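Asks: After the structure tokens below, expect a handful of questions from me.
Nothing in this text is a laboratory measurement; each read-out follows from the coordinates by a stated rule. What you are looking at is a predicted structure, and each value in this text was computed from that prediction instead of being measured. Please note: Cβ atoms are built from the backbone with ideal geometry, for glycine as well, and neighbour counts cover all protein chains shown.
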Amino acid sequence: MEFDNRKSQLELQVIWKDSDLIELRVKATNGRFSGITEVYDTTESLNDWVQLLAQFPKDKQPLVYEAGEKSGYAFWGMRINLPDPTGLVGVEITLEENSNRKAWQDKVELEMLVYLAAIDNFREQLTKLILKEEGAASLYGESH
């Protein structure tokens, strides 16, 4: 999978793992704004996320996933809103990473629009990433 910051895309890539944690490189772009962070997570937490994605939008609730700590070392969060009548879904993504300087923090918040089928494809890729604890999963959005 190639990441193209001219298109709307979220990519999670495993860059390190041990018996308890995996480290993800998270890249996001909506074609205008983009960001990257590296955050620690667990396969258990990601698996719970996959289970929620499988039920979306049946519960008629937006879904929220977060890894890391806001204003901490690194953070990645996403909110998947309910689809509009055309089937488009707004996905809000937040990426944060602190540098070695105390007052310096990089942060980007962006929104991308995706179809429900793209969320299903992302869920399938994420399931494979969890099972192998390697590789990448991408959510592709619509271009601006």
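Asks: Starting from the 7 Å offset along Cα-to-Cβ, what nm value, one decimal, do you get for the label separation of D120 and L21?
Replies: Simple spin-label model gives 3.6 nm for this pair.
Asks: Give me the extension gain from F33 to Q105: residue separation times 0.36 nm, minus the current Cα-Cα distance, reported in nm with one decimal.
Replies: Net length gain for the segment: 24.2 nm.
Asks: Which one, G90, G31, G72, has the greatest fluctuation when you compute a Gaussian network model over the chain with C-alpha springs under 10 angstrom?
Replies: Highest fluctuation among the options: G72.
Asks: Quick check: convex hull of the Cα atoms in the chain, volume per residue, rounded to a whole Å³?
Replies: Convex hull volume per residue, Cα atoms: 107 Å³.
Asks: Right, here's the next one. Please identify the trypsin sites (Lys or Arg not before Pro) of the stretch 1-67 that satisfy two criteria: DSSP loop assignment and at most 16 other Cβ atoms within 10 Å. Which are they? Mind dumping the intermediate values first?
Replies: Numbers: sites: R6, K7, K17, R25, K27, R32, K58, K60; in loops: R6, K7, R32, K58, K60.
Within the stretch 1-67, the qualifying trypsin sites (Lys or Arg not before Pro) (loop, at most 16 other Cβ atoms within 10 Å) are R6, K7, R32, K58, K60.
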